[in-house]
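The values are calculated or read from the model by the stated rules, or taken from the named source; none is laboratory data. Everything numeric in this text was worked out from a predicted model, so none of it was measured. Positions of Cβ are backbone-derived with ideal geometry, glycine not excepted, and every protein chain shown enters the neighbour counts.
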């Protein structure tokens, strides 16, 4: 900012003409300092890069999910660049004369021929193609699972709402990017997918047929869709994806990573390891691991064997036509939507049987996902910054909502395999479809309820553990023949994980009228808010307070009677005064000793 | 947090002087009146004691870890070398049987596995290095509120507002509104160019196919004409119009004109129109699904059901291809057929309605 007196701070010392630091340095230090000095003289980057290298990131396996997404995207970019050297994005018809004998002499598009050439005639081409496809599938899996992690731990709360919104858009664009990619080879399966996509576009009211003609540059299939999809797949969407991803990751660095609650971790600190050297090795190494696993899969498991499908022709089709997995839910929705949703009115056709699943589903789904943080913020009225993650059990309603959404998604995805299920399980496809239609409405509420109950039970178990301690499995018999199990109190570090969270209380509805009895302008929305707040937080389990723990200890519940107490409650006084209890105390202090 | 007297703050509750257990209580319900000088919430206990790893304590363990890491890096080099050799040495067409996987392309398998070794060696080696030898004592970085200071915020607002004032935006509404208009309009040419030039207008093309009266039905893909006597009961033919031979846009025409030809016992046909438009139990229906346009490729001979493999719409051929299950709404359009003088099947009329998926102006 302003020119200040020249002090020899760490960054400045890297400059070539600066005096040598007083501490003796090794040759390596001088070498790094020399190169860094040259760059820093021209960029002044030492300070910023040095800061980034010292940056601390918290450690947890679930934080690697986003990394998997990032690395598989990089693998896709690398292998994709390779593929562009040989792939010919043209629908021009040629006769195949390559080394794959079953297709010799068959008329096909140049796109399909060049994909065959990559698979059979270009050395190592197949492995690159397979890595590209597997990495793309992994990319979308990783994005989705990463999103679930962020959702269930409440990492989307202030100040990270913006990054959640960006992430949701990234996830949606990844679907489109994937679809554009697997449509390019122009094989029978992907061509059938494009055929269906053309049908989807037609279902848009008023402009449907125009949309179809604009996208395909005339009647389906035409010769334009392959080069157009190619431009979208290799240029337009990757640019947007990489751009949004960059903002996404810069925001993570700027806001600092969230961390799971634990001893020593607070909302005001980040506890973890620095980039240099730990994360440079761990995260850098992890890139190679992800790449290696994808390469292994590509070597051993064939994905998208386009040579087996044949070139696209609008007339033939194969049974078991399924899209790549991430389009499964949309395809499944199309299979479940009943035909009566199409009707004719005023001389125009309304094809809601197609439009709901093919045009509306994805934007509506991602719209809801995008808006969720703002809904929760409105319900809780919580405007504080949150850097400590929630354990999913500590927010049962949110966890339940998330699981219900996943259940609905899974029903749709299974529906995309209704024909396969019917064949493999020897069931009627009609029964399966009817069943899935019902499940789409029934399953999410059931899953919500079960999840919420499980969360509440887990919280009660936490309370129980804190109050009673851990069951040691040691059975102790008292002098008068009573049995009880020795319990071991939790150490304060383990206990902290179970008592650190705060529970939201449902918002109370204020009277909604001011002192003159005039209804507040937002009375209606406040009433709604109080209702939703009740829905969220009515059932809650408060964490154990020190007073409760004190009470538990006071009442001798570090031991637990195995036999039921007689009616009227035989007091445990005798137990406490018996010699065996002293014994137990002795072991307890032993344990604390080490 | 710790409002209620700090003398007990965060300590593990100790048994009272009177010992444990004076009375039995329900533990899930607090029963002590008042907080007894205890804080409302537990205090963060701070970091647990650090547990050193084997390699921190024992130089031999550290040496072992070093060797393991170096071995993994060595494996990586080996994998890369195998890749390079295999790239040149293995012919592309060689196949190999791998138990559990089946017949596979040898070049692909060796290249992929050696590449994986090259990558995994580096990756696992680096992670192992970090986990065994690099510092594992957690570090703490403080967070600071993200928001700028109030002065900085005020300064920002002031800069924007003064900028506006200095540009005389408030005093010269003419500039303000004309600029708004210009900025609002300038994107239109770009949008118009793209939207206007992407493709032609559909006109009535979606409603028409190349079928016309007298067009012979030919087999797909052989393009040989079909005699009525060739079509035995229970058989099904994939059909195209003979005029497809002269088409300049074969795929586009095929995508609309593909037809399925089936022969049923005439008494099995329940709809009079279907019987009239066919020939002696031979009926021709559009093969393009009325749902989203996949070819309706699966014919069940016994039940006379047609099934679309994409979304499982099921059409009953005995009932004029009415939808009996699945997401499609409309029946498949029927092509009226007859036989010509030589006994070949021909179209007696074009399709009466648009084939394929629905669209707005279809009616």
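In this structure, does residue A:101 turn out to be over 19 Å from residue A:180 (Cα atoms) and within 12 Å of chain B (Cβ to nearest Cβ)? For residue A:101, the condition - over 19 Å from residue A:180 (Cα atoms) and within 12 Å of chain B (Cβ to nearest Cβ) - is met. Restricting to the range A:315-346, and then to whatever is touching a strand residue (DSSP E or B) at 6+ places or on another chain (Cβ under 7 Å) and part of a loop (DSSP other than H, G, I, E, B), can you tell me which residue is farthest from residue A:410 (Cα to Cα)? Selected residue: A:315.
Kindly state which helices (runs of 4 or more DSSP H) lie completely within the range A:477-558 and contain at least 3 residues that are modelled with pLDDT of 90 or more.
Details: elements: A:492-499, A:523-537, A:546-554.
Here the list reads A:492-499, A:523-537.
Out of curiosity, is residue A:88 out of contact with any strand residue (DSSP E or B) (no Cβ under 7 Å at 6 or more places or on another chain), at pLDDT 95 or above and not in a helix (DSSP H, G or I)? Yes: the conditions hold for residue A:88. Summed over the range B:83-124, residues that are facing another protein chain (nearest Cβ under 7 Å), in contact with a helix residue (DSSP H, G or I) (Cβ under 6 Å, 6 or more places away or on another chain) and either outside any loop (DSSP other than H, G, I, E, B) or modelled with pLDDT of 95 or more (or both) total 12.
Looking at A:422, A:415, can you tell me which residue is free of Cβ contacts under 8 Å to residues at least 24 places away in the same chain and within 14 Å of chain B (Cβ to nearest Cβ)?
A:422
Residue check: is residue B:267 within 20 Å of residue B:228 (Cβ to Cβ), out of contact with any strand residue (DSSP E or B) (no Cβ under 8 Å at 6 or more places or on another chain) and either away from chain A (no Cβ under 11 Å) or in a strand (DSSP E or B) (or both)? Before the answer, list the steps.
Values: within 20 Å of residue B:228 (Cβ to Cβ): yes; out of contact with any strand residue (DSSP E or B) (no Cβ under 8 Å at 6 or more places or on another chain): yes; either away from chain A (no Cβ under 11 Å) or in a strand (DSSP E or B) (or both): yes.
It is true that residue B:267 is within 20 Å of residue B:228 (Cβ to Cβ), out of contact with any strand residue (DSSP E or B) (no Cβ under 8 Å at 6 or more places or on another chain) and either away from chain A (no Cβ under 11 Å) or in a strand (DSSP E or B) (or both).
For the range B:274-304, the set of residues classified as within 11 Å of chain A (Cβ to nearest Cβ) and surrounded by fewer than 24 Cβ atoms within 10 Å (Cβ to Cβ) consists of B:297, B:298, listed by residue number. Can you name the residue in the range A:516-558 that is touching a strand residue (DSSP E or B) at 6+ places or on another chain (Cβ under 9 Å) and away from every other protein chain (no Cβ under 14 Å) and is also farthest from residue A:398 (Cα to Cα) among such residues? Filtering first and then ranking leaves A:519.
Mind checking whether some residue in the range A:435-447 is modelled with pLDDT of 95 or more and within 11 Å of another protein chain (Cβ to nearest Cβ)? Yes: the range A:435-447 contains one or more residues that are modelled with pLDDT of 95 or more and within 11 Å of another protein chain (Cβ to nearest Cβ).
Looking only at residues of the range B:306-322 that are surrounded by fewer than 23 Cβ atoms within 10 Å (Cβ to Cβ) and farther than 15 Å from residue A:429 by Cα, we find that the one that is farthest from the other protein chains (Cβ to nearest Cβ) is B:318.
The set of residues from the range A:64-79 being in contact (Cβ under 8 Å) with a residue 24 or more places away in the chain, over 15 Å from the mean Cα position of the chain (by Cα) and either surrounded by fewer than 21 Cβ atoms within 10 Å (Cβ to Cβ) or at positive phi (or both) comprises A:74, A:77. Inspect all residues belonging to the range A:287-306 and state whether any of them is farther than 30 Å from residue A:162 by Cβ, in the same structural domain as residue A:202 (by TED's automatic domain parsing), touching a strand residue (DSSP E or B) at 6+ places or on another chain (Cβ under 7 Å) and buried (at least 18 other Cβ atoms within 10 Å of the Cβ). Yes, some residue in the range A:287-306 is farther than 30 Å from residue A:162 by Cβ, in the same structural domain as residue A:202 (by TED's automatic domain parsing), touching a strand residue (DSSP E or B) at 6+ places or on another chain (Cβ under 7 Å) and buried (at least 18 other Cβ atoms within 10 Å of the Cβ).
Residues that are touching a residue at least 40 places away in the same chain (Cβ under 8 Å), out of contact with any helix residue (DSSP H, G or I) (no Cβ under 9 Å at 6 or more places or on another chain) and within 20 Å of residue A:390 (Cα to Cα) within the range A:447-498 comprise A:460, A:492, A:493, A:496, listed in sequence order.
Can we say residue B:336 is in contact with a helix residue (DSSP H, G or I) (Cβ under 6 Å, 6 or more places away or on another chain) and away from chain A (no Cβ under 14 Å)? Talk me through it step by step, then tell me what you get.
Numbers: in contact with a helix residue (DSSP H, G or I) (Cβ under 6 Å, 6 or more places away or on another chain): yes; away from chain A (no Cβ under 14 Å): yes.
Against the criterion (in contact with a helix residue (DSSP H, G or I) (Cβ under 6 Å, 6 or more places away or on another chain) and away from chain A (no Cβ under 14 Å)), residue B:336 qualifies.
When you check residue B:185 against the structure, is it part of a helix (DSSP H, G or I), more than 7 Å from chain A (Cβ to nearest Cβ) and exposed (fewer than 10 other Cβ atoms within 10 Å of the Cβ), yes or no? Spell out the reasoning first.
Working: part of a helix (DSSP H, G or I): yes; more than 7 Å from chain A (Cβ to nearest Cβ): yes; exposed (fewer than 10 other Cβ atoms within 10 Å of the Cβ): yes.
Yes.
Working only within the range B:203-226, note down all residues that are assigned to a loop (DSSP other than H, G, I, E, B), in contact with a strand residue (DSSP E or B) (Cβ under 9 Å, 6 or more places away or on another chain) and either farther than 16 Å from residue B:340 by Cβ or within 14 Å of another protein chain (Cβ to nearest Cβ) (or both). Walk me through it before giving the result.
Filtering the range B:203-226 down to residues assigned to a loop (DSSP other than H, G, I, E, B) leaves B:203-204, B:208-215, B:220-224, B:226.
So of that shortlist, the ones also in contact with a strand residue (DSSP E or B) (Cβ under 9 Å, 6 or more places away or on another chain) come out as B:209-215, B:220-221, B:223-224, B:226.
Matches in the range B:203-226: B:209, B:210, B:220, B:221, B:223.
Condition (residue is surrounded by 11 or more Cβ atoms within 10 Å (Cβ to Cβ), in a helix (DSSP H, G or I) and within 14 Å of chain A (Cβ to nearest Cβ)) applied to the range B:153-163: is it met by at least one residue? Scanning the range B:153-163, I find at least one residue that is surrounded by 11 or more Cβ atoms within 10 Å (Cβ to Cβ), in a helix (DSSP H, G or I) and within 14 Å of chain A (Cβ to nearest Cβ), so the answer is yes.
Mind checking whether some residue in the range B:135-147 is surrounded by 12 or more Cβ atoms within 10 Å (Cβ to Cβ) and either in a helix (DSSP H, G or I) or modelled with pLDDT of 95 or more (or both)?
At the first step, the residues of the range B:135-147 found to be surrounded by 12 or more Cβ atoms within 10 Å (Cβ to Cβ) are B:135-136, B:138-141, B:143.
Subsequent filtering for residues that are either in a helix (DSSP H, G or I) or modelled with pLDDT of 95 or more (or both) retains none.
No - not one qualifying residue is present in the range B:135-147.
Which of (1) touching a helix residue (DSSP H, G or I) at 6+ places or on another chain (Cβ under 9 Å); (2) facing another protein chain (nearest Cβ under 10 Å) does residue A:254 not meet, given it meets every other one? Of the numbered conditions (1) touching a helix residue (DSSP H, G or I) at 6+ places or on another chain (Cβ under 9 Å); (2) facing another protein chain (nearest Cβ under 10 Å), the odd one out for residue A:254 is (1).
Residue-by-condition table, conditions (1) under 24 Å from the mean Cα position of the chain (by Cα); (2) under 25 Å from residue A:153 (Cβ atoms); (3) surrounded by fewer than 21 Cβ atoms within 10 Å (Cβ to Cβ):
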{"position": "A:345", "(1), (2), (3)": "no, no, yes"}
{"position": "A:370", "(1), (2), (3)": "yes, yes, yes"}
{"position": "A:373", "(1), (2), (3)": "yes, yes, no"}
{"position": "A:376", "(1), (2), (3)": "yes, yes, no"}
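Out of A:272, A:262, one residue alone is over 30 Å from residue A:106 (Cα atoms), buried (at least 19 other Cβ atoms within 10 Å of the Cβ) and facing chain B (nearest Cβ under 8 Å). It is A:272. Residues considered: A:251, A:296. Of these, the only one that is more than 21 Å from the chain's Cα centre (by Cα), at pLDDT 95 or above and not in a loop (DSSP other than H, G, I, E, B) is A:296.
Only residues that are in contact (Cβ under 8 Å) with a residue 24 or more places away in the chain and surrounded by fewer than 21 Cβ atoms within 10 Å (Cβ to Cβ): list them for the range A:307-320, please.
Step one: list which residues in the range A:307-320 are in contact (Cβ under 8 Å) with a residue 24 or more places away in the chain, which gives A:307, A:309-314, A:316-320.
A:307, A:309, A:310, A:316, A:318, A:319, A:320 - these are the residues of the range A:307-320 that are in contact (Cβ under 8 Å) with a residue 24 or more places away in the chain and surrounded by fewer than 21 Cβ atoms within 10 Å (Cβ to Cβ).
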